[in-house]
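Enquirer: Pasting a structure here, questions to come.
The values are calculated or read from the model by the stated rules, or taken from the named source; none is laboratory data. Treat the numbers as computed from the prediction; the structure is a model and nothing was measured. Note that each Cβ is placed from the backbone with ideal geometry, even for glycine, and that neighbours are counted across all protein chains shown. Just the protein is used for accessible areas: all its heavy atoms, side chains included, with ligands, DNA and RNA removed. Shrake-Rupley method; radii C 1.70, N 1.55, O 1.52, S 1.80 Å.
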Amino acid sequence: TNLPVENQIDVPKEPVLSQNFSWAIAASTLRNRPFFGSGPGTFFYDFTRNKPVEMSRTNLWDIRFDRPSSDFTGTLATLGIIGFAAWIVMLLFFARNNLALASKSDDDNFYKFLLIGSTTFLVSLFFAPSPITGAAFFIIITSLVYSAWGRDLNPQRFHPVTLSLEAKRTGFQWATEG
């Protein structure tokens, strides 16, 4: 938008750990604990323990990061080789099922939407950290894929349900039909 300068808000940008430093920290952590990593949710400790010396020469020298530049490097550091392999197997299983469903479906647009959405999310895992909304998106897309898959395998077990959200003065209200 083209707001006048006096109406613009200067919002500070969140500092993000670079890919190079994330890889260095993940590699150092894997040298110490190669099979199981340091444990889920421990990147803050990995960063503190394995911060590269070169980082002391940057303007980020006094910041402690609690997440890497991507989920790829974070999973490698915190879950180790075994956890990372399990993570990759899960992603490949999900991608393979999406492709299989999209290729043999009569409802092409629905599966293409799911395929594009899930592929975009999976690719983004290698380049950026995903917030909790990213995990929620993944769960929703996974649920849609497998419920659609179940509907195609056994259509008589599924009944249509309409879900609507109504806004009232007193708040939101969920209503289901079907």
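Enquirer: Out of the total accessible area of segment 1-132 (probe 1.4 Å, heavy atoms of protein only), what percent is carbon and sulfur?
Expert: 63 percent
Enquirer: Find, to one decimal place in angstroms, the Kirkwood hydrodynamic radius of segment 20-119, where the mean of 1/r is taken over every pair of different Cα atoms and then inverted.
Expert: 15.3 Å
Enquirer: Tell me which of Phe127, Ile141, Asn154 sits at the most positive position along the dipole axis of segment 50-154, charges placed on C-beta atoms (Lys, Arg +1; Asp, Glu -1).
Expert: Among Phe127, Ile141, Asn154, the one farthest towards the positive end of the dipole of segment 50-154 is Phe127.
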